[in-house]
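Scroll down for the structure; my scribbles are underneath it.
None of the figures in this text is laboratory data; all of them are computed from the coordinates on show. Model, not experiment: these values are computed from the prediction. Because the Cβ atoms are built from the backbone with ideal geometry, glycine has one as well, and the counts that use them run over all protein chains shown.
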Amino acid sequence: MTPATLSGAVLYVKDLAGLTDFYAHVLGVPVAIRQASHQVIHQASQQADHAVLQLGGTEFMLVQMPPHIAAACPSSSRLKGERTRR
């Protein structure tokens, strides 16, 4: 039986620029920031809607959540506060 391998993962994020920087630093890989047309741009900006990080044969795609969906998601600081109050 052949072992399973991870070829890629998609993460939907509220802060594309911040999390792209974080994962690029942690994984130590270059980043391609892209807009919907798949044109590579050099910095995260309002036009960027996703970023691609490649680590060996695995591709990680970070996708900017639309604002109306991001607004409905609790922030991690709110979750931490809820956990400590229980």
Most packed first (mean Cβ within 10 Å per residue), the peptides 19-32, 1-14 order as 19-32, 1-14
What distance in nm lies between label points placed 7 Å from Cα along the C-beta direction at residue 26 and residue 12? 2.0
